[in-house]
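Working notes, beginning with the structure itself.
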Amino acid sequence: MWGTRYGSGFAPERVRDVDVAFFDPHDLSRDNDARVTERLRRRLPDVPWEASNQAAVHLWYPAEFGGGPVEPLTSVDEALATWPETATTVAVRLSPADTVEINAPLGLDDLLAGIWRRNPQRITVERSLSRLERHQPHTRWPGVTVIRPQ
């Protein structure tokens, strides 16, 4: 969306990954993530899928991203509210009734207004600065407003 609204346009080949959040409290293994990712790849092999069981985040998050223990999450909704930037706390899904549902626990304002802002729910200022440096939103999407974390 930001490529179209604030950058040079959307190009599918520049998509690094398509995150799929799911919630399965009965299988917290990383193999479960791999199985779901593989099912998606078989269905649409040209999409760079990355499935992640939000019920298992507490098991790997501190080792992968640092910080103290993370409490187990109770739903995808709760997980979304902890994602790193407020504009990323949005997910869509196709409902059983074949309609698109939007889940945005922190709202859509920052996504639609093109604002890159730290979500303080779980991301430290240091981690946010690192992400800002790595992702370079002001370069990728020149029209985006970056609010530097403090």
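What follows is calculated from the coordinates using simple rules that are stated; it is not laboratory data. Computed from a predicted model, the values in this text were never measured in an experiment. For neighbour counting, all protein chains shown are included, and Cβ atoms are generated from backbone atoms with ideal geometry for every residue, glycine included.
Of the DSSP beta bridges with both residues in the chain, give the percent that are antiparallel, rounding to the nearest 5.
Working: 5 of 13 bridges.
About 40 percent, rounded to the nearest 5.
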For the stretch 46-105, the Rg and Dmax computed from alpha carbons only, in angstrom: 13.3, 40
Calculate, axis by axis, the spread of Cα positions in the stretch 1-55 along the three principal axes, and write the results as whole Å, longest axis first. 42, 22, 13
In nanometres, what is the gap between the two model label sites at residue 92 and residue 27, each 7 Å from Cα along Cα-to-Cβ? 2.8
In Å and from the alpha-carbon atoms only, list the Rg and Dmax of the chain. 16.0, 44
Could you give the length gained on full extension between residue 148 and residue 35, defined as 0.36 nm per residue of separation minus the Cα-Cα distance, in nm? 37.0 nm
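For residue 114, what is the net charge nearby, where nearby means another residue's Cβ is under 13 Å from its Cβ and Lys, Arg count +1, Asp, Glu -1? If you can, show how the numbers build up before the last one.
Details: positive: 5, 117, 140; negative: 85, 109, 110.
Residues near residue 114 contribute 0 overall.
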